[in-house]
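Please read the structure below before turning to the comments.
The values are calculated or read from the model by the stated rules, or taken from the named source; none is laboratory data. Since we're looking at a predicted model, the values are computed, not measured. Here the Cβ positions follow ideal geometry from the backbone for every residue, glycine too, while neighbour counts run over all protein chains shown.
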């Protein structure tokens, strides 16, 4: 297992053209590349091809990394690897949402807007599920599948001068460098129980207020606040493991 100083020494050699040093860095970070590649399985591209594209991403990270950035190399490499894979899938046209899912998504969105006009509030997940006779888990799948993947660096408040990045919204868990250094954030969220995951998605990915979340989840705002604090502490603990 390579230590921090050893990685820095190898990075210096690799940036100077030392192929052996570059290969050692790629090999050392192979588990990281594989963990990212797994997220893009079943996209019509072979696993080994995605892995090779991930290696291209980490090679770019090696060439561009500067220790003055103040983050660990693995932290810096994560968005480079993921970005390279996303770029390939986007350009290759492999990420597609079926027409039926899109149709369901638009019908659901239309219903939500009409419901809001009549009731001045959003329908709950249960109400939408009952309306379209769709299982709640399937409903969440449809709602998420019709949207582009969200990056930690995506603006969540629009494109105004006051807009924030998603990573800024969760910065209170730990300092930013520590959060970004942990690749597991998305996996941790995916492994939360249904209720906790829904709250995080609504609050930090859909930018809903606690009041709006309370309406959707059919609970009180106080309950949402308590649950949110509990889940954030859980995320912080997991990220520190």
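Inspect all residues belonging to the stretch 128-135 and state whether any of them is modelled with pLDDT of 85 or more, surrounded by 16 or more Cβ atoms within 10 Å (Cβ to Cβ) and either on the phi > 0 side of the Ramachandran plot or not in a loop (DSSP other than H, G, I, E, B) (or both).
yes
Search the stretch 220-236 for residues being under 14 Å from residue 202 (Cα atoms) and touching a helix residue (DSSP H, G or I) at 6+ places or on another chain (Cβ under 8 Å), and hand back the single one that is surrounded by the most Cβ atoms within 10 Å (Cβ to Cβ).
The residue in question is 224.
Being under 16 Å from residue 193 (Cα atoms) and touching a residue at least 60 places away in the same chain (Cβ under 8 Å) is the filter; apply it to the stretch 214-235 and report the residue that is nearest to the chain's Cα centre (by Cα).
235
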